[in-house]
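Asks: Got a structure for you, written out below as structure tokens; questions coming shortly.
The values are calculated or read from the model by the stated rules, or taken from the named source; none is laboratory data. If you're wondering where the values come from, they're calculated on a predicted model, not measured in any experiment. Reconstructed Cβ throughout: ideal geometry from the backbone, glycine too, with neighbour counts over all protein chains shown. Surface accessibility is based on the protein's heavy atoms, side chains included, excluding ligands, DNA and RNA. Shrake-Rupley method; radii C 1.70, N 1.55, O 1.52, S 1.80 Å.
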Amino acid sequence: MSEKRKQFETEAIRTQLKRTDFLEHTSPIYLTSSFVFEDAEDMRASFTEEKERNIYSRFSNPNTTEFVDKICKMEGAESGYAFATGMAAVFSTFAALLKSGNHIVSARSVFGSTHALFVNYFPKWNIETTYFDITKPETIESCITENTKILYAETPTNPAVDIIDLELLGDIAKKHNLILIIDNCFATPYLQQPIKYGAHLVIHSATKLIDGQGRVLGGITVGNADLIREIYLFSRNTGPALSPFNAWILSKSLETLAVRVDKHCENAFKVAGFLEGHPNVNWVKYPFLKSHPQYDVAKKQMKLGGNIVAFEVNGGIESGRKFLNSIKMCSLSANLGDTRTIVTHPASTTHSKLSEADRLEVSITDGLVRISVGLEHVDDIIKDLEQALK
Ligand SMILES: *Cc1c(COP(=O)(O)O)cnc(C)c1O
């Protein structure tokens, strides 16, 4: 580890498995469920972990190792484990670290399925969650009890792209001796590295911008080596491992993450600027627009503003729906972070099960539209939005 670390883009491309005798340029896919041992002694030493090596692909596989190594370098993490989906990463991380009686303090606006874990499942195991309002960070400390073990947040949030100050969360976690976990999915390791601010663990749904091409599902947790060890042992027994093939895809995707995300952000900034000046739009939220309430925090901790733009169409839930029905080129889909621009209307879809009051608590108004800005030419994206707003 004495060698100086290379730049982000270089690590994303040049971190790779040792070449085989074929001297392949790009890493091969190791589609194998298990690995063989030289002899009984090799097998014994491998199982007791005196030797670090691949045994069985539920534990580790060369392709998942390459993917994990890259994300660790990008996030400045010591260690990590890769999962079949982002939700497998979220669930396994909590399940590995918590026991009955523990308490979570979380930002209220979290990904829908994460919210479902907190509300519908963890209470069955006597694990309660207290939510804080992301726009009122001064209330966080009052949520902490003597049983609190984890402080959890996403930034930017989904779908309202609110921002929370990572430095502040890092300070609170340190003061109260909590494990700080950040879901860094919307920012990607290219735009923001929460470990710098004191996060102990960082989670990604690799399904989004990391794959970036709408092909595979994946997830990963990286961070403090002792915590990752707990998560690894839990996961090697419970089986949420990422498949070698998907790991290979995701590792290749990381080679282009920086250029893709640069372009996503450039397009998103232009789309946000267009919407901000439109008469049929009530408001626009984008982290790098000066009008964003947490603009200064976004500028401090993010390299660029990300690819998600939230805005409100005039006229409530009906005009939100009408706007979606008038979209011609952009996709109506549940994914985000794809090369294709995706438009969603959370009030009538992803968050329709919440009451209007609950939606408002997480800044989802009836007319809110979320755009995951893609890599088509920005003029074509804007043209599509413009005709639909008419
Ligand atoms: C999509 C998403 C997840 C879940 O990831 P999957 O790969 O769909 O399981 C978790 N957190 C955030 C912020 C997401 O956007």
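Asks: From the convex hull of the Cα coordinates of region 257-389, what is the mean projected area in square nanometres?
Replies: Projected over every direction and averaged, the Cα hull of region 257-389 covers 7.8 nm².
Asks: Express in nm, to one decimal, how much length is gained between Ile29 and Glu78 on full extension, taking 0.36 nm for each residue of separation and deducting their alpha carbon distance.
Replies: The span from Ile29 to Glu78 would gain 15.2 nm if fully extended.
Asks: Separation between the Ala225 and Thr238 pseudo-spin-labels, each 7 Å from Cα along Cα→Cβ, expressed in nm?
Replies: If labels sit at Ala225 and Thr238, their model points lie 2.4 nm apart.
Asks: Tally up the carbon and sulfur contribution to the accessible surface of the chain as a whole percent, 1.4 Å probe, everything protein left in place.
Replies: That fraction is 52 percent.
Asks: State the number of lysine pairs found in region 257-389 whose Cα atoms come within less than 22 Å, restricting to pairs 8 or more positions apart or on distinct chains.
Replies: For region 257-389, the number of qualifying lysine pairs is 24.
Asks: Can you give me the long-range amide H partners of Leu375? Hydrogens built in the peptide plane at 1.01 Å from N, cutoff under 5 Å, separation of 5 or more residues or another chain.
Replies: HN-HN under 5 Å from Leu375: Arg340, Thr341.
Asks: Using a 1.4 Å probe, what is the accessible area per residue for region 257-389, in Å²?
Replies: 43
Asks: How large is ³J(HN,Hα), in whole Hz, for each residue of region 147-155 in order, when computed from phi with the Karplus curve 6.51 cos²θ - 1.76 cosθ + 1.60 and θ = phi - 60°, using x for Gly and Pro?
Replies: 8, 5, 10, 10, 10, 10, 7, 10, 8
Asks: Once both labels are modelled 7 Å past Cα along the beta-carbon direction, what's the Arg5-Trp283 spacing in nm?
Replies: The two pseudo-label positions are separated by 3.7 nm.
Asks: Another question, if that's okay. Given an 8 Å cut-off on Cα distances and at least 6 residues of separation, report the relative contact order of region 1-156 as a percent.
Replies: The value is 18 percent.
Asks: Ok, one more. Loop-only chymotrypsin sites (Phe, Trp or Tyr not before Pro) in region 11-78, please: DSSP not H, G, I, E or B, and at most 14 other Cβ atoms within 10 Å.
Replies: Listed in order of number, the matching sites are Phe22.
Asks: While we're on this one: Given the protein chains as shown and a 1.4 Å probe, how many square angstrom of Glu230 are accessible, to the nearest 10?
Replies: Counting only protein heavy atoms, Glu230 exposes about 90 Å² to solvent.
Asks: Where only protein heavy atoms count, and the probe is 1.4 Å, what is the accessible area per residue for region 1-62 in Å²?
Replies: Computed with neighbouring chains in place, this is 81 Å² per residue.
Asks: Show the residues, 5+ positions off or on another chain, whose built amide H is closer than 5 Å to the amide H of Phe132.
Replies: Residues meeting the criterion, in which the H sits 1.01 Å from N, are Ser106, Ala107, Arg108.
Asks: Ignoring everything except DSSP H segments at least 4 long, calculate the 222 nm mean residue ellipticity for the chain; use -39,500 (n - 2.57) per segment, divide by total residues, nearest 500.
Replies: Value at 222 nm, helices only: -11000 deg cm²/dmol.
Asks: To continue, here is another question. Please work out the Cα center distance from region 10-73 to region 74-131, rounded to the nearest Å.
Replies: Region 10-73 and region 74-131 have Cα centres spaced 28 Å from each other.
Asks: OK, next. Describe numerically, in nm with one decimal, the distance between label points set 7 Å from Cα along Cα→Cβ at Thr256 and at Glu167.
Replies: Here the modelled spin labels are 3.6 nm apart.
Asks: How much accessible surface does Arg5 have with a 1.4 Å probe, in Å² rounded to 10?
Replies: 130
Asks: Once the whole set of protein chains is in place, how much accessible area is left on Ile179, using a 1.4 Å probe, in Å² to the nearest 10?
Replies: 20
Asks: I've got another one for you. Might you report the magnitude of the Cβ-based charge dipole of the chain about its Cα centre, with Lys and Arg at +1 and Asp and Glu at -1, to the nearest 20 debye?
Replies: Dipole magnitude for the chain comes out near 420 debye.
Asks: Considering the Cα positions of region 283-359, please state its Rg to one decimal place and its Dmax as a whole number of Å.
Replies: 14.2, 38
Asks: What FRET efficiency do you get for Asp133 and Ala40 if R0 is 45 Å and r is their Cβ-Cβ distance, rounded to the nearest 0.05?
Replies: 0.15
Asks: On to the next question. Of Glu318, Glu154, which has the most accessible area and how do the rest follow, probe 1.4 Å?
Replies: Greatest to least solvent exposure: Glu318, Glu154.
Asks: From the mean inverse distance of alpha carbon pairs (Kirkwood) and the Cα radius of gyration, derive Rg over Rh for the chain.
Replies: So for the chain, dividing Rg by the Kirkwood Rh gives 0.98.
Asks: Considering the zone a paramagnetic label at Arg215 would reach in this model (a point 7 Å from Cα along the Cα-to-Cβ line), which residues of region 56-70 have amide N under 19 Å from it?
Replies: Label zone hits: 62-70.
Asks: Applying a 10 Å radius around every beta-carbon, put 114-121, 222-229 in order of their mean neighbour count, most first.
Replies: Sorting 114-121, 222-229 by mean packing, highest first, produces 222-229, 114-121.
Asks: Then there is this: For the chain, give the share of DSSP beta bridges that are antiparallel, in percent and rounded to the nearest 5; count only bridges with both residues there.
Replies: 55
Asks: For the chain, take the longest principal axis of its alpha carbons; what is the angle in degrees between that and the long axis of helix 166-175, to the nearest 10 within 0 to 90?
Replies: 60
Asks: I would also like to ask the following. I need the trypsin sites (Lys or Arg not before Pro) found in region 163-203, filtered to DSSP loop residues with at most 16 other beta carbons within 10 Å of theirs.
Replies: Passing sites in region 163-203 do not exist.
Asks: Using a 1.4 angstrom probe on the protein heavy atoms only, line up Val161, Val36 by accessible area, largest first.
Replies: Accessible-area ranking of Val161, Val36, largest first: Val36, Val161.
Asks: Let me ask something additional. If you project the alpha carbons of region 182-333 onto their three principal axes, what span does each projection cover, largest first, in Å?
Replies: 55, 34, 29
Asks: Gap in Å between the Cα centre of region 299-324 and the Cα centre of region 216-276?
Replies: Measuring centre to centre over Cα atoms gives 23 Å.
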